[in-house]
Amino acid sequence: MDTSPATSKTSASAALLRGCRTASTDPRDRARASTDRSGYVSPSIPDGVVFAGSIDEVADTLRRATELGVPVVPRGAGSGLAGGAAARAGDVVLDVSRMNRILHIDPVEQIAVVEPGVLNAEVNEAVAAHGLFYAPDPASTAICSIGGNIATNAGGMWCAKYGVTRESILALRVVLPDGRLLDTGRGTIKGVTGYDLNALMIGSEGTLGVVVQATLRLRPKPIRTATLVAYFPEVAAAAQAASAIIAARVQPSVLELMDGKTLEAVDAAQGTDHAARGSAFLLAQTDGYGAELEQEAVIEAIRPFASSIELAGDAEQAEALMAARRAAIPAIERLGRVSICDVGVPRNRLAEAFSGLEEISRRTGVRIFTVAHASDGNLHPIIAVDPEASITDGAAKVALAEMFHLARGLGGTLTGEHGVGLLKRDWLEEELGETSLALQHAIRDVFNPNGILNPGKAI
C-alpha cells in the first residue's frame, strides 16, 4: 500500500490539516481510515484525519475544504460494509466518532437527541431505563454508530416489524460542504411542510452533507415476547417456511435465517451444536400482548417444513438464540477476509435466492455463507477468501456480480441496507437506469457542487 499523499493534492490537504487542531497525520490513523469492515482496502492511505469534537469543528473543516478544493471522506465507527468510508491519497478524513454524546432523552415524547458517534447499542442501553427502545439494530449494534446507520439507512433484526433507520429518524442537523447548517425533519411524528429532505439525507452515504445531530424516534419496550428457533433439512425449506409466515399474515418482530455453512461457523466459534440439529436455522420472535398467540400462528405456518421446533422457555434462552444470530458475521470473519454482501429479493422468492447462491458458490469456487432478514427478503451472502486474497477482483468479484444479477433476475435489488459505497458502483446504472442516475447526480450537485464530499461513493 502506498503511504504517501497524492502530490497534486498535497499542499491543499496539508494546509487544511495545519489549520485543524484535532488533525492527525499519524500513518496508523491514516491506514485505519483507508478501509472499513467491508474488506475493501484502498490502494493508498489518506493524507490525514480530522477528529472533530463539535459541530463548529465539522463546519470549519468543511468550509476550509471547500475553499481549498480538498476531498473529504466522512467517517464514524468504520463498521461499514461497502467501502463507503474508505479513503485514499488526496483525501482528508473527517472522523466524527468523538461526537458521541446522548444530548437529551424525552420519555414522554419518546425521542432521543444524539450526536453521530454514539454507538447503536449505547442508545438502547440509555433508553431501556425508561421502558423504551430504538428499533434499528444491525447485527453490528455493539460497534456501529448512529451516524453510519443514517448514512446507509441501516436495518437489523427488528426491522421485520419496526422498519429501518428511515422510519426512526424524526429530524437531523447536517453540515453542508460550505459549512452551512441545515435542519431537516421536525420533532413531531407527522409533518409534510416542504420536500422531505430528512428522508433524502438518510441513505445518502455522506455525499450530501455530514450529520452532526439526530432526533431518534423511540418505541415502547414490548410487554411480552415469545421466541422460537426451527431447524430444517435444507436451507430452501427454511426459506419456504419464512415465506409461509409472511403468507399467513403474521408480523414477527424478528425473523432471521442462517444456512448450514453459517451454523457450522457459529458452532466452531461459540462451541454450540446448531449444525447437528439441521442444515438451516430460522429464528422467529413475536411481541406484544398477543405474542404467544402470534407464535402459535408461526408454528402452524412452518410445521410442514421444519425438522424440529424449539421454544425459548425464558428470557435467557431467547437472548442466547438472538446472540447466535448476532455471532454469525464475527464467526465467519475468523475464516479469512470476508465481503459481507447485501441483496434484496421479493419475500416469496427467498428459496430461489438461496438455491441460486449455492449454485454461484459451486460455479465460482468461492465460499459463500448466507444469513438473511427473512421478513423483508434482505439476504447477506458473505464471501470468505484467504486472508491475503482480494475481494475486489478475481473469483470474488465474479461471485459478487453474479449475486447482483441473481437478485435482479428475481425482481430484487443490489443492496438492501449496506449501501453502494465503492464496492457496488459497477452495477448501479443497470439497476437505476440512465434517467434516474442522471437526476440523482443533479441532486447531489445541488448539495455538493464542488464534489468534495465522499467523491466516487454511492452514485
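What to note about this one:
- When the stretch 356-400 is filtered for residues that are of a type in the set (A, V, I, L, M, F, W, C), modelled with pLDDT of 90 or more and surrounded by fewer than 19 Cβ atoms within 10 Å (Cβ to Cβ), the ones remaining, listed by number, are A395, V398.
- Scanning the stretch 374-398 for residues that are among the charged types (D, E, K, R) and assigned to a helix (DSSP H, G or I) yields a single hit, K397.
- Restricting the stretch 68-106 to residues that are among the β-branched types (V, I, T) and farther than 27 Å from A126 by Cα, the residue that is farthest from the chain's Cα centre (by Cα) is V70.
- The residue of the stretch 107-165 that is farthest from A284 (Cα to Cα), among those that are among the polar types (S, T, N, Q) and part of a loop (DSSP other than H, G, I, E, B), is Q110.
- When each of A242, A199 is tested for being outside any strand (DSSP E or B) and surrounded by 23 or more Cβ atoms within 10 Å (Cβ to Cβ), the lone residue that passes is A242.
- Filter result for L335 (among the hydrophobic types (A, V, I, L, M, F, W, C) and in contact (Cβ under 8 Å) with a residue 40 or more places away in the chain): yes
- Residue count for the stretch 415-459, restricted to those that are over 14 Å from G203 (Cα atoms), outside any helix (DSSP H, G or I) and touching a strand residue (DSSP E or B) at 6+ places or on another chain (Cβ under 9 Å): 4.
- Residue within the stretch 431-439 that is of a type in the set (A, V, I, L, M, F, W, C), touching a Ser or Thr at 6+ places or on another chain (Cβ under 9 Å) and either modelled with pLDDT of 95 or more or not assigned by TED's automatic domain parsing to the domain that holds L200 (or both) present: no
The values are calculated or read from the model by the stated rules, or taken from the named source; none is laboratory data. Please read these numbers as outputs of a predicted model, since none were measured by experiment. All Cβ positions, even for glycine, are placed from backbone atoms using ideal geometry, and neighbour counts span all protein chains on display.
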